[in-house]
Each structure stands twice: as structure tokens, then as C-alpha cells.
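As C-alpha cells, the structure follows; a few thoughts come after it.
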Amino acid sequence: MAARILVVNDTQEILELFRMLLEEEEGYDVILSGFPIQQIKEIEQIKPDLIILDLILGDERTGMQMLQMLQMQRSTATIPVLVCTAALQIVREQEGYLVSQGVHVVYKPFDIDDLLNNVKQLLESHEHISSVVQEERKKHQ
């Protein structure tokens, strides 16, 4: 079963590029959103294996707010996040937080191979964490 990737970006061309790269060329199941998702229930319904998130949507830091919301909920805290942004200043300001949360950052304009390597690495680490969590749950039943 193909990994499911949620891409959140307010630029239609970028969303289309991600769909082409990740779905058509790499075979992932890609869900696109042109605006930040405000409700955890929506994320839980999508069940993404990875979220690719821009920090600035419109003129606001709503991507950062979405990231913090994801990290604060048990049901979404373990979903890996790849920040793909041109907002160097915000990333520098939030670097300690991003690193502490295991968030990878790819700057726009990005190298396609660099992006795909980050996607693959995050998905592999998520699969490993998921299988460890499942093993732990079996032990305690």
C-alpha cells in the first residue's frame, strides 16, 4: 500500500508540482490542501503517513500554527512533518523548536532529489516508529 502524503501549500503551482512528483513519479497517495487544516479530526480522517507543510500561507504564519497543533495532539504528534518553505527568517527563529520536534526543512527553491530523499527518510522513520509502537501495545495487552 502506498504511503499517504498530505501537502499543505497556498500556491496552486507548487501543489501541482508535488502531485506530479510524489504521485505520478513516485507512486505515493497524495492529498493536496490549499489552506492549513484547522481541525485535528480532518487530519485523523486523512491518516497521512507524512505531512509536507509551508509555514507561511497567505500572509500569515498559519502553517506554524498547524504544526504546533499537530504536535500537541496524541493522535497526530507522531506524524512526520517536512517543512517546505521560502521563509528563512521564520525557520531561523523557530529552529530549536523544529529540531526538537524532528521536523525536516527543505527550502524553496528546492532540489528535487533533496526533497525526495527527505520524504523517503521521514516515511522510513515513521514506519519504524509505528511498528515499535504496535509491538509495545501487543506486550501490554
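Summary table below
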quantity: Degrees separating the helix 88-100 axis from the principal Cα axis of the chain, which is the longest one; calculated: 10
quantity: Accessible area in the full protein assembly, largest first, 1.4 Å probe, for LYS120, LYS108, LYS47; calculated: LYS47, LYS120, LYS108
quantity: Where a label projected 7 Å from the Cα of ARG92 along Cα→Cβ would reach, residues of segment 51-71 with amide N under 18 Å; calculated: 55-56
quantity: Heavy atoms of GLU95: accessible area, 1.4 Å probe, square angstrom to 10; calculated: 100
quantity: Long-range HN-HN contacts of CYS84 with modeled amide H, under 5 Å; calculated: LEU53, ASP54, LEU55, VAL106
quantity: For segment 1-106: Kirkwood Rh in Å [reciprocal of mean 1/r, alpha carbons]; calculated: 13.9
quantity: Segment 1-114 - percent relative contact order, Cα under 8 Å, separation 6 or more; calculated: 23
quantity: Centroid-to-centroid separation of segment 95-130 and segment 1-66 [C-alpha atoms, Å]; calculated: 14
quantity: Most to least accessible of ASP54, ASP113, ASP59, ASP29 (protein chains only, probe 1.4 Å); calculated: ASP59, ASP113, ASP29, ASP54
quantity: Accessible area, probe 1.4 Å, largest first, for residues THR62, THR78, THR85; calculated: THR78, THR62, THR85
quantity: Dimensions in Å of segment 65-123 - Rg and Dmax from alpha carbons; calculated: 11.7, 33
quantity: Amide N of segment 67-92 lying under 14 Å from the label point, which is placed 7 angstrom from the Cα of SER100 along Cα→Cβ; calculated: 68, 71-72
quantity: Solvent-accessible area, 1.4 Å probe, carbon plus sulfur percent, for the chain; calculated: 48
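The values are calculated or read from the model by the stated rules, or taken from the named source; none is laboratory data. This is a predicted model, so every value here is computed, not measured. Ideal geometry is used to build each Cβ from the backbone, glycine not excepted, and the neighbour counts take in all protein chains shown. Keep in mind that these areas ignore ligands, DNA and RNA; they rest on the heavy atoms of the full protein, side chains included. Shrake-Rupley method; radii C 1.70, N 1.55, O 1.52, S 1.80 Å.
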